[in-house]
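The values are calculated or read from the model by the stated rules, or taken from the named source; none is laboratory data. Remember, it's a predicted structure, so these values are computed and weren't measured experimentally. Methodologically, a virtual Cβ is constructed for each residue, glycine included, from the backbone with ideal geometry; neighbour enumeration extends over all protein chains shown.
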Amino acid sequence: MRNLQEDNITEAVLQTMEGTEDPRLKEIMTSLVKHLHAFAREVGLQQDEWMRGIQYLYDAGKISTPERNEFILTSDILGLSSLVDMIKGRGVSSGTEYSALGPFFVDGAPEVPLEGNLAGDDPGTEVVLTGRVLNERSEPVEGARVDFWQTQSNGLYDVQETHEGAVPNLRCHQFTGADGRYGVRTIKPVSYKVPDDGPAGEILRSTSRTAWRPAHYHIWVNADGYLPLVTELFPGDDDWIDRDAVFAVRDSLRVSFDDTADEDEASAYGVTAPYKKVEYDFVLVAG
Ligand SMILES: [Fe+2]
């Protein structure tokens, strides 16, 4: 392994990994090295450009915190996160479509009972968000854990609030009843810009892109015997619906906010009729 040249260094690196015991790790590392080297050859990567890439990774690490992961954001804006969602969905022709997890999920969100209030005193537009968790035979799934998280009406997630006294807000989980139903009183989400004050924002600006995402609810459904479902629901008429910075919109996840005047439901959820309502059933795939 001496006197290597541009045309044989890739093979030399691959040979050093021949003894990798885990076959999947070997497959991934081999392919990664091949594609990384092919990329460098294709663009004729220069030393200062290579250093710029290294600096990007360093800066992304520096700005990342438990609440803000610049690497996930980078993956999102490069379309990699959505591509992985699509790969995950290979061969799964039924069930609700997957969508982005995004960088703002926080483990340990409080439990809010069915028909409970997720929005606290946020002044946004009141919405009843409800529906059922079903299996592929349209039967209710009881005891499914449904996690919700979304922006406040100021366009920020609670974890982006830096003022003193900021508290967890607009994130919760609940468990479906025997009828598979979930339901929260919440607010209409608003369009927002992904954080563009770090290295990912530099990519967006320097490639003439926008940081905007259409408004959305984040939802993660988990139930024993089923594949986890990470997805989003989008107001169908959002201005940014066709220009999502992270490529996560699916037609099947577009919802309408219907004016509803059901007095019984209004009183159960503690809203005033008429109110906006989103009804959406999530379909889990056995696995
Ligand atoms: Fe989001």
> How many residues, within region 203-241, are of a type in the set (D, E, K, R), out of contact with any Asp or Glu (no Cβ under 8 Å at 6 or more places or on another chain) and away from the ligand (no atom under 14 Å from the Cβ)?
Replying inline: 4
> Got at least one residue in region 143-150 being under 30 Å from Val285 (Cβ atoms), more than 16 Å from the ligand (Cβ to nearest atom), among the aliphatic types (A, V, I, L, M) and in the same structural domain as Ser267 (by TED's automatic domain parsing)?
Replying inline: yes
>> Given the options Thr272, Thr231, name the one that is hydroxyl-bearing (Ser, Thr, Tyr), in contact (Cβ under 8 Å) with a residue 40 or more places away in the chain and buried (at least 17 other Cβ atoms within 10 Å of the Cβ).
In response: Thr231
>> Please pick out the residue among Asn135, Asn154 that is of a type in the set (S, T, N, Q), within 16 Å of the ligand (Cβ to nearest atom) and over 19 Å from the mean Cα position of the chain (by Cα).
In response: Asn154
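For (1) under 18 Å from Leu101 (Cβ atoms); (2) basic (Lys, Arg), each residue gets a yes or a no:
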| position | (1), (2) |
| --- | --- |
| Lys188 | no, yes |
| Val194 | yes, no |
| Ser208 | no, no |
| His216 | yes, no |
| Asp239 | no, no |
| Ala245 | yes, no |
| Asp258 | no, no |
| Glu263 | no, no |
| Leu284 | yes, no |
> Pick from Phe247, Phe282: which is on the phi > 0 side of the Ramachandran plot and hydrophobic (A, V, I, L, M, F, W, C)?
Replying inline: Phe247
> Picking from Arg185, Arg243, which residue would you name as being of a type in the set (Lys, Arg) and assigned to a loop (DSSP other than H, G, I, E, B)?
Replying inline: Arg243
> So which residues in region 141-164 are farther than 26 Å from Pro66 by Cβ and surrounded by fewer than 17 Cβ atoms within 10 Å (Cβ to Cβ)?
Replying inline: Glu142, Gly143
>> Given the options Val249, Val190, Val255, Val194, name the one that is in the same structural domain as Cys172 (by TED's automatic domain parsing), within 16 Å of the ligand (Cβ to nearest atom) and in contact with a helix residue (DSSP H, G or I) (Cβ under 8 Å, 6 or more places away or on another chain).
In response: Val194
>> Please count how many residues of region 242-265 are closer than 18 Å to Val127 by Cβ, without any contact (Cβ under 8 Å) to a residue 40 or more places away in the chain and surrounded by 14 or more Cβ atoms within 10 Å (Cβ to Cβ).
In response: 3
> Cβ-Cβ below 8 Å, separation at least six or inter-chain, first residue in region 55-81 and more than 15 Å from Leu101 (Cα to Cα) and not assigned by TED's automatic domain parsing to the domain that holds Leu101, second small (Gly, Ala, Ser) and at pLDDT 95 or above: which pairs?
Replying inline: Asp59/Gly198; Ala60/Gly198; Ala60/Ala200; Ile63/Gly198
> Only one residue in Ala273, Ala286, Ala245, Ala268 is closer than 19 Å to Ser93 by Cβ and either among the hydrophobic types (A, V, I, L, M, F, W, C) or touching a Lys or Arg at 6+ places or on another chain (Cβ under 8 Å) (or both), so which one is that?
Replying inline: Ala286
